[in-house]
Amino acid sequence: DQKTSVQDGYSYIMENVEDADYYDAAQAEMIRSVALNGYWGTKNDEATEAAELGSLDAVKEMMREAKDADGNAVFGEDEIAALTDGMAMTATQYAIWTFSNESNGDKYISAYYVSDALGVGRVPAEEQASVDLIFKLYNHLINLDPTKVENTTKDTIINADNFLENLS
């Protein structure tokens, strides 16, 4: 939640988004859709080489399968190869905030690459392609059809054991 600061020693509670009293049903459905398709630091199962829910490989699989209305690929292989953990996390977090805080991610995403030398909100030219890819993934996530998202049951567990420990 964008407006909730993290405090050491505070006990945070995880619950189904539908059970929170500050989202409506449509927002809850979209938050779940973004979370199930986005990145939150899960490692792949090395024994099976399977792309685990929340992993970068799972996000890249989703990107490969994304088609526009005409059936054309939304993302190119060069974009998929260029996606980093930080970029995927940024797109996912701002997509969640779009529904949890009714925020417009456009005004935040460029902050991922802000350079003090260029001024607030200015992106270095050499980083513009990365910012464009974050926006593209963000827009894909916020426009997913939640009725077509697999594994949207309330039994899906996202817990402390499968979150990324350190994102640099």
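Modelled with pLDDT under 85 and assigned to a loop (DSSP other than H, G, I, E, B), is that true of ILE158?
Taking the combined requirement at face value, the residue satisfies it.
Can you tell me which residues in segment 125-155 are modelled with pLDDT of 90 or more, assigned to a loop (DSSP other than H, G, I, E, B) and surrounded by fewer than 16 Cβ atoms within 10 Å (Cβ to Cβ)?
ASN143
Quick check on segment 50-70. Is at least one of its residues modelled with pLDDT of 85 or more, open to solvent by 50 Å² or more (accessible area, probe 1.4 Å) and small (Gly, Ala, Ser)?
Looking for residues that are modelled with pLDDT of 85 or more, open to solvent by 50 Å² or more (accessible area, probe 1.4 Å) and small (Gly, Ala, Ser), one finds at least one in segment 50-70, hence yes.
For segment 113-121, indicate whether the set of residues that are modelled with pLDDT under 90 and closer than 27 Å to GLU18 by Cβ is non-empty.
Checking segment 113-121: not a single residue is modelled with pLDDT under 90 and closer than 27 Å to GLU18 by Cβ.
Of everything in segment 88-112 that's open to solvent by 60 Å² or more (accessible area, probe 1.4 Å) and outside any helix (DSSP H, G or I), which residue is modelled with the lowest pLDDT?
Restricting to residues being open to solvent by 60 Å² or more (accessible area, probe 1.4 Å) and outside any helix (DSSP H, G or I), the top hit is ASN104.
Search segment 18-27 for residues being outside any loop (DSSP other than H, G, I, E, B) and in contact (Cβ under 8 Å) with a residue 40 or more places away in the chain, and hand back the single one that is surrounded by the fewest Cβ atoms within 10 Å (Cβ to Cβ).
In this case the residue turns out to be GLU18.
The values are calculated or read from the model by the stated rules, or taken from the named source; none is laboratory data. As the structure is a prediction and not an experimental result, all values here were calculated from the model. Please note: Cβ atoms are built from the backbone with ideal geometry, for glycine as well, and neighbour counts cover all protein chains shown. These accessible areas exclude ligands, DNA and RNA; they are computed on the full protein's heavy atoms, side chains included. Shrake-Rupley method; radii C 1.70, N 1.55, O 1.52, S 1.80 Å.
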